[in-house]
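As structure tokens, the structure follows; a few thoughts come after it.
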Amino acid sequence: MSWSYNSYLSYQESIYKLKQVNFTELLFRTKLDVSVLRMYGCTAFLQVPKEKRKALDDQSEECILIGYGSGNIYRLLSKKTRKLIIARDVKFEET
């Protein structure tokens, strides 16, 4: 996209914001769901499935949020193994 096109979009977005309608909501005709957004670098606890843990193993693994996938998917970095994990079953600790 060229710079003029980006400035045009931001101008249009500011006009629609004055009318209490977001440009993206007008374009896609749906409200944006921001409840799934979390702060980058926050601590996340990934639920380990029952099949992958033994009797006295931890039920969750401590990770760091490093990004998002499509939909309701998070990209996490495991603190223990230092590997990239892509998962949905995540609880966040944002403080």
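Read the figures in this text as sums done on the coordinates, not as results from a lab. Just so it is clear, the model here is predicted, and its values are computed rather than measured. We place every Cβ from the backbone using ideal geometry, glycine too, and count neighbours over all the protein chains shown.
The table below gives the values:
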item: Residues in the stretch 34-50 that a label on residue 81 would reach, taking backbone N under 17 Å of a point 7 Å out along Cα→Cβ; result: 44-50
item: Counting all C-alpha pairs of the stretch 43-93, share separated by more than 14 Å (%); result: 48 percent
item: 42, 63 arranged by Cβ crowding within 10 Å, fewest neighbours leading; result: 42, 63
item: Under-19-angstrom lysine pairs by C-alpha in the stretch 43-93, whenever the two are 8 or more apart or on separate chains; result: 10
